[in-house]
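Some notes on the structure that comes next.
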Amino acid sequence: MEKRVAVCGMGVISPVGNTVPEFWDSLVNGRNGISLIKDMDLQDLPVKVSADVKGFSPADYGIEAPLARKQDLFTLYALAASIQAVSQSGLKSGENIDASRFGVYVGSGIGGFTTIYREIEKMVKDGPKWVAPTFVPTMIPNMAAGHIAIRHGACGPCLPITTACATSTNTIGEAYRAIRHGYADAIIAGGTEAARIPIGIAGFCNARTLSRSADPDYASIPFNSRRDGFVLGEGAAVLVLEEYEHAKARGAHILAEICGYGNSCDAYNATAPRPDGSTQAAAIRMALDQAGYSPDDCLYINAHGTSTPLNDVAETKAFKLALGDDAYRAHISSTKSMTGHALGAAGAIEAVASVMALMEGIVPPTINLDSPDPECDLDYTPCKAVRADLSIAISDSLGFGGHNACIAFRKAE
C-alpha cells in the first residue's frame, strides 16, 4: 500500500535570508539578493554580479567551531538548513522515530569547490605532501549528507544525488518515493551549493551561461526579452519529509503534503535543453498526475526560470504541453529573479518557496519582468506578489546533462 508523505520541517540558507521567515518575507516583498562582486578579482571577465549568502555564521545554528573550521562551506550551509528543519519538525532520533527508519537525501551539484581549488593550488605551488589529509572527505559531494546524518542520528537510507541543477528536486522526489513505498518513516531531503568562487564564475562565464549585466537589479530577469544569462547564487535548503500517519500519530504540525514526482531526461545536449519542451513536460505531467491535479485546482508553478535565452522558452513550451489550456490559468513565477541560481541547491530552495506559497496563499513575483518575451506568454507574476487561494504547487528543475525533475505539493488539510 502506497503511503502519504507530509512536509513537517523546513530550513534555508539563501541570498535573501538565512531562516525561512526571513527568506519568505524577502520573496513576497520582491527583495533582490543579487549584488556587485567585490570580494574577488575576476580580472578581465565580463561578469560583475552574483547572489551571495550574507551574514552566515555556523555558530548561529549551534555548529561547533572545530567542526566549522574543517568543513567546506557547502557542508556548513546544508548542516545549518538541516538544523532549522529538524528543529521545526520535532523529530528526535531514538525518541519519536526509529533511527534505522530516519534517512538523509541531501545532494550537491559540485560539492566542495573551494576545497578542491585550495588543495590543487597547494599541490601546484608546494608539492603533493602539502595536500591536506582531510582533502577528500571534505570535498566529496556526499559529505553534506554524511554530516547531517551524524548530527541528527539518522541511520536509515542515505542517498546523496548529483544531477546538476536538478539535484535537490531529485533528492526530494526520491525521498518522497522512499517513504511512499515504505523504506523509511522520515527523510531529511534537500540540496546545497557553494560554487561562488573565481574558478566557478570563470567556468560558467566562459561557457557563456552567465549574465553580463553590471546592474544587480537587472541581471537575473527570467522570461524578460532582455535576459542574457543566469546569475550564480549559493545556499542550501532542507525539507523534512515524513510518512503522514507517523507524523499525525506524534502530533506533528504538517506544513504541506508532497504528493507527486516526475523525472525524465532530454537525451539531447549536455548543456542546452530540448527546444520543444517535450521531455521536460513529461516530468511535469508525471508529478501532476500523481498529485491528482484537475482543472479545478488553483495551481502555482515555481519555474526553473534561469533567465537564459534557451531555458525560458523551452520551459514555457513544456508548461503548455503538460497543462494544455490550463497553462494560461496557472500562477507562475521564478524566484531566481531574487535568489540567483544556486545550482544543486536551487530545487530545494524553490521547494521551500512553493510550500510557503501554499501555506500563505501568496504567489511570489518574478521581479523586473517589465518586458516579457513574446514566446514566454504565460502568467509569470510580473514585479509584484499576488494573493491566490492555491491548492497545489509544483516546482520543476532542469539540469546540465538533460536532467528534468518536478515535485508537487498540496495544501495541508
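The values are calculated or read from the model by the stated rules, or taken from the named source; none is laboratory data. From a predicted model like this one, the values you see are computed outputs, not experimental measurements. Note that we place each Cβ from the backbone using ideal geometry, even for glycine, and neighbour counts take in every protein chain shown. These accessible areas exclude ligands, DNA and RNA; they are computed on the full protein's heavy atoms, side chains included. Shrake-Rupley method; radii C 1.70, N 1.55, O 1.52, S 1.80 Å.
A few notes on this one:
- For P295: the one exception among (1) open to solvent by 60 Å² or more (accessible area, probe 1.4 Å); (2) more than 22 Å from H181 (Cβ to Cβ); (3) at pLDDT 95 or above; (4) not aliphatic (A, V, I, L, M): (3)
- Qualifying residue in the range 389-396 (condition: at pLDDT 95 or above, of a type in the set (D, E, K, R) and open to solvent by less than 10 Å² (accessible area, probe 1.4 Å)): yes
- Any hit, the range 257-271, residues being at positive phi, surrounded by 20 or more Cβ atoms within 10 Å (Cβ to Cβ) and part of a loop (DSSP other than H, G, I, E, B): no
- Every listed requirement among (1) in contact with a Gly (Cβ under 8 Å, 6 or more places away or on another chain); (2) surrounded by fewer than 18 Cβ atoms within 10 Å (Cβ to Cβ); (3) not aliphatic (A, V, I, L, M) is met by N29 save one, (1).
- Among residues of the range 314-346 being hydrophobic (A, V, I, L, M, F, W, C), touching a Gly at 6+ places or on another chain (Cβ under 7 Å) and farther than 15 Å from L398 by Cα, the one that is least open to solvent (accessible area, probe 1.4 Å) is M338.
- Qualifying position, being over 27 Å from I367 (Cβ atoms), open to solvent by less than 30 Å² (accessible area, probe 1.4 Å) and not small (G, A, S), among F74, F102, F23: F102
- Any chance A303 is of a type in the set (A, V, I, L, M), in contact with a Phe, Trp or Tyr (Cβ under 8 Å, 6 or more places away or on another chain), closer than 24 Å to A207 by Cβ and open to solvent by less than 50 Å² (accessible area, probe 1.4 Å): yes
- Residue list for the range 229-244, restricted to those being open to solvent by less than 10 Å² (accessible area, probe 1.4 Å) and either assigned to a strand (DSSP E or B) or on the phi > 0 side of the Ramachandran plot (or both): G229, L232, G233, G235, A236, A237, V238, L239, V240, L241, E242
- Selection count, the range 191-237, where residues are of a type in the set (K, R), out of contact with any helix residue (DSSP H, G or I) (no Cβ under 7 Å at 6 or more places or on another chain) and over 23 Å from N18 (Cα atoms): 3
- Subset of the range 161-186 that is among the hydroxyl-bearing types (S, T, Y) and in contact with a helix residue (DSSP H, G or I) (Cβ under 8 Å, 6 or more places away or on another chain) - its residue that is most open to solvent (accessible area, probe 1.4 Å): T162
- Any chance N311 is part of a helix (DSSP H, G or I), polar (S, T, N, Q) and either out of contact with any Cys (no Cβ under 8 Å at 6 or more places or on another chain) or open to solvent by less than 10 Å² (accessible area, probe 1.4 Å) (or both): yes
- When the range 249-279 is filtered for residues that are within 23 Å of E375 (Cβ to Cβ), under 23 Å from the mean Cα position of the chain (by Cα) and acidic (D, E), only D266 remains.
- Test: residue in the range 42-52 that is surrounded by fewer than 16 Cβ atoms within 10 Å (Cβ to Cβ), of a type in the set (K, R) and out of contact with any Cys (no Cβ under 8 Å at 6 or more places or on another chain): no
- Of R196, R226, R212, R208, all but one fail to be open to solvent by 10 Å² or more (accessible area, probe 1.4 Å), of a type outside the set (V, I, T) and over 20 Å from S35 (Cβ atoms); the exception is R208.
- Qualifying residue in the range 332-340 (condition: more than 21 Å from F23 (Cα to Cα), among the hydroxyl-bearing types (S, T, Y) and in contact with an Asp or Glu (Cβ under 8 Å, 6 or more places away or on another chain)): no
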